[in-house]
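Data first, discussion second: the structure below is written as structure tokens.
The values are calculated or read from the model by the stated rules, or taken from the named source; none is laboratory data. Treat the numbers as computed from the prediction; the structure is a model and nothing was measured. Quick reminder, even Gly has a Cβ in these numbers, built from the backbone with ideal geometry, and neighbours come from all protein chains shown. Side chains included, ligands, DNA and RNA excluded: accessible areas come from the protein's heavy atoms. Shrake-Rupley method; radii C 1.70, N 1.55, O 1.52, S 1.80 Å.
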Amino acid sequence: MASTEEWRRQFTKYKEDVKKRGKPFYPYAMFEDTIMSLVVVSVIIGLASVWYFTSGEDPKTCGSGDSCLLGPRYSDPADPATTNFVPRPDWYFYFLFYLLRIFKWPDSVILGTVGIPTVLLIIAFLLPFIDRRMERRLTRRPVAIVGAILVVLSMGVLTYKGATAKEALASEVVQAVPTWAQRQGFAGNAEAIAGAKIFASSGCTACHTYLGTGSSNQGAPDLSAEGKKGRNKQFFMQYIRDPSKFGNNVMPKFGFNDQQLSQLAAFLLASKGPK
Amino acid sequence: MATAARNKKSARRRQLEAAINYPIDWLEERSGLIGGLRYFLFRKVPGDTGWWHTLGSATLTAFLVQALTGVILAMYYKPDPQNAYQSIQHITNDLTLGWLVRGMHKWGASVFIILMFFHMARVFLFGAYKYPRELNWIIGVTLLAVGMLEGFTGYLLPWDQTAYWATVVGINLNGTAPFLGPFLADFLRGGGEIGTETLARFYSMHMLLIPGLIFALIGLHLYLVIRLGVSSPPWSREAAGSDYDADEPATNGRSGLTQPAARSGWRRNGGDDV
């Protein structure tokens, strides 16, 4: 750790050295800056062109007719009522998105959503006051090197995992409903089967697991044996209508009508765990 | 005759120079801006700076692309749930070069974020956040956080399924924060549901509040870069301000084989002022 006088002496010397041996910003540094800026603008135009010319006006043509190398121009219009859509943030939040799959609701999810990002941000802000040595050469900053490698590696892995995390598609999940009914023994219960179909097609399995299908995303619990917890139908209906009233601020409100809520509740009530 | 022609030419030249210089001198006398620009352009930077040091201005360029394309998009975009999606379709499919403007804005956002991370990594690896540049590092980290917030608020605006459900999750995540969380989530939503209020709110933040903040922070950031100068690459043998004699005395056991070479290199290039 260097004393304030040493730092000041070094900076005074820096200013003298630059004055004596430096080069003027224009044209030398500005030339490189200009070239780099042109590269940046070209890359942006290139990405926009590939994105536009490999996609069509209708997002449904992606995969059939259009290659959509960089994704569709837009997905279907926002629809808060039908929710067979897998929520996923923009790519630079993937690391956060995947961090939430590691922590399970409700005890530790706050660590993933708030704790880790806040701690990282505080460390980033305080870095100049944590590392107060004068040394700038990397070969003599082992802690900085190891720290940088760990941060880049973990961010990279989390981003990759977030990008490739497999959420089951709603259409595939619906196929599993007859099997569920058989294994759970509610094959004769028409209301529960209707509820199971809503559950399967509304994107619930993007976060919840049911008999091995789906994910455990954002800490959402496995619902295979939810009906064994001694809760009644009314409880399930109210919970799904507005999870935040039960202290659950992660699960969104889905805007189901009363009939759908009743069917979903019947389905959960009939899920006593596989026989 | 030759002398007369030269005199005539130089008189014309003098007139021309006076005509060009007059407005420049007028502006300089009343604002000092010309002197400021001259200082900015002809200030000295360390002789060993190179391509590594272009990441900051590249990030600035990406941001300016966002500002320019954003202004054009705002002329055609309609920030309410009934019209937002159609206006995005109209911009992308119908308007002349609308696809280019929206495409550049969409992809420029990712390029901007990536460049901020690269620029940050460069500053970290060069140890350029150390005295006297601590404050500029803090402003930079703030810019990164605010820039990601700009990405989050902009992601909702196309009002498609991707946008809507990403925002549902994002707002609910904010809601899990202790104490402030529920208030923050309510503030972002502008009510109990994601709808008209939310979109208007995100639009206003995305194109007024946050860009204003980013412009102000970039201004401060650049002011400090110009005032304090940029640091030489740490491996450079003629790094400005490095003082190997005081930093690594000859008696220091750690000075290995590389040290004498580094020192002699330093002496060769600037030995007279040691």
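General observations
- Most mobile listed residue (B:30, B:201, B:237) in chain B, GNM with C-alpha springs under 10 Å: B:30
- Simple spin-label estimate for residue A:257 and residue B:10 gives 9.5 nm between the two label positions (7 Å along the Cα-to-Cβ direction from each Cα).
- Area of residue B:105 that stays accessible when all protein chains are in place (1.4 Å probe, Å², to 10): 40 Å²
- Neighbouring partner chain Cβ atoms per residue of B:180-188, average, 10 Å criterion: 1
- Interchain or long-range residues, amide H under 5 Å from residue B:45's placed H: A:23, A:25
- Of A:234, A:184, A:260, the one that fluctuates the most in a GNM where chain A has Cα springs shorter than 10 Å: A:234
- Rounded to the nearest 100, the interface formed by chains A and B buries 8400 square angstrom of accessible surface, both chains summed, with a 1.4 Å probe.
- Most mobile listed residue (B:127, B:32, B:147) in chain B, GNM with C-alpha springs under 10 Å: B:32
- Residues residue A:187 and residue A:231, FRET efficiency given R0 of 25 Å [Cβ-Cβ distance, rounded to 0.05]: 0.65
- A simple charge model with +1 on the Cβ of Lys and Arg, -1 on the Cβ of Asp and Glu and nothing else charged puts the dipole of segment A:170-270 at about 240 debye relative to its Cα centre.
- Cysteines (scope chain A) whose Cβ has no counterpart Cys Cβ under 4.7 Å: A:204, A:207
- In chain B, helices alone account for a calculated mean residue ellipticity at 222 nm of -23000 deg cm²/dmol, with every DSSP H run of four or more residues adding -39,500 (n - 2.57).
- Entry note, segment A:86-167: relative contact order of 51 percent, from Cα contacts under 8 Å with a spacing of 6+ residues.
- Accessible surface ranking for A:7, A:91, 1.4 angstrom probe, highest first: A:91, A:7.
- Translational diffusion of chain B, estimated by Stokes-Einstein from the Kirkwood radius over alpha carbon pairs at 20 °C in a medium of 1.002 mPa s, is 91 µm² per second.
- Chain A - mean residue ellipticity at 222 nm from DSSP helices (-39,500 (n - 2.57) per run, n ≥ 4, rounded to 500): -16000 deg cm²/dmol
- Accessible area of residue A:246 (1.4 Å probe, protein heavy atoms only, ligands and nucleic acids ignored): about 80 Å².
- Solvent-accessible area assigned to carbon and sulfur over segment A:170-270 amounts to 50 percent, based on a 1.4 Å probe.
- Per-residue mean of C-beta atoms belonging to partner chains within 10 Å, peptide A:143-150: 1
- Fraction of accessible area attributable to carbon and sulfur, chain B (%, probe 1.4 Å): 66 percent
- Spin-label model, residue A:35/residue B:114: points 7 Å from Cα along the beta carbon direction are separated by 2.0 nm.
- Rounded FRET efficiency, nearest 0.05, which uses the C-beta distance separating residue B:217 from residue A:197 and R0 of 45 Å: 0.30
- The residues of segment B:65-117 expose on average 44 square angstrom of accessible surface per residue, using a 1.4 Å probe on protein heavy atoms.
- Per-pair calculated FRET efficiency, R0 = 25 Å: residue B:90 and residue B:64 via Cβ, rounded to 0.05: 0.45
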